[in-house]
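See structure below.
Read-outs throughout are calculated quantities, based only on the coordinates presented, and are distinct from any laboratory measurement. None of these values were measured; they are calculated from a predicted model. Positions of Cβ are backbone-derived with ideal geometry, glycine not excepted, and every protein chain shown enters the neighbour counts.
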Amino acid sequence: MQNRLNLAGEKSGIPGDIKPEAFHRNERASGKFVRTIDLPVEIDETGIQAEYKNGLLVVTLPKAEKAKPKQISVKIA
């Protein structure tokens, strides 16, 4: 398994009834985009969640159990 996250989408252009002067800042161009992000650990694919709200995409990628650190109890004499 490759530990990569692929994101693809398309941003539409500004609607014709909105003038460019109405924007304080518009940093992204319109059109299709693709992003690939290498992930540092294995992911539990069954727990992946994504939410798009107010122009922000939040992707939650939980670690796989075998990628989580192990806890070892230490006895103190």
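I want to check a number: in the chain, how many lysine pairs have alpha carbons closer than 27 Å, given a sequence separation of 8 or more or different chains?
Close lysine pairs found across the chain: 8.
If amide H atoms are built 1.01 Å from N in the plane of the peptide, which residues on other chains or at least 5 residues away come under 5 Å of the amide H of Lys63?
Close amide H contacts, sequence-distant or interchain: Asp44.
Where the only charges are on Cβ atoms (+1 Lys, Arg; -1 Asp, Glu), what is the dipole of the chain about its Cα centre, to the nearest 20 debye?
Its charge dipole is roughly 300 debye.
Lys/Arg Cβ at +1, Asp/Glu Cβ at -1, dipole of the chain taken about the Cα centre: which of Ala64, Ile18, Thr46 is farthest positive-ward?
It is Ala64.
Roughly what % antiparallel, to the nearest 5, for the DSSP beta bridges in the chain?
Counting only bridges with both partners in the chain, antiparallel ones make up about 100 percent.
Could you pull the Rg and Dmax for segment 4-67, using just the Cα atoms, both in Å?
Gyration radius and largest Cα-Cα distance of segment 4-67: 16.5, 53 Å.
Tell me, what ³J(HN,Hα) does each residue in segment 48-55 have, in order and in whole Hz, if you take phi through Karplus 6.51 cos²θ - 1.76 cosθ + 1.60 with θ = phi - 60° and put x for Gly and Pro?
Rounded to whole hertz, the list is 5, 9, 9, 9, 10, 8, 6, x.
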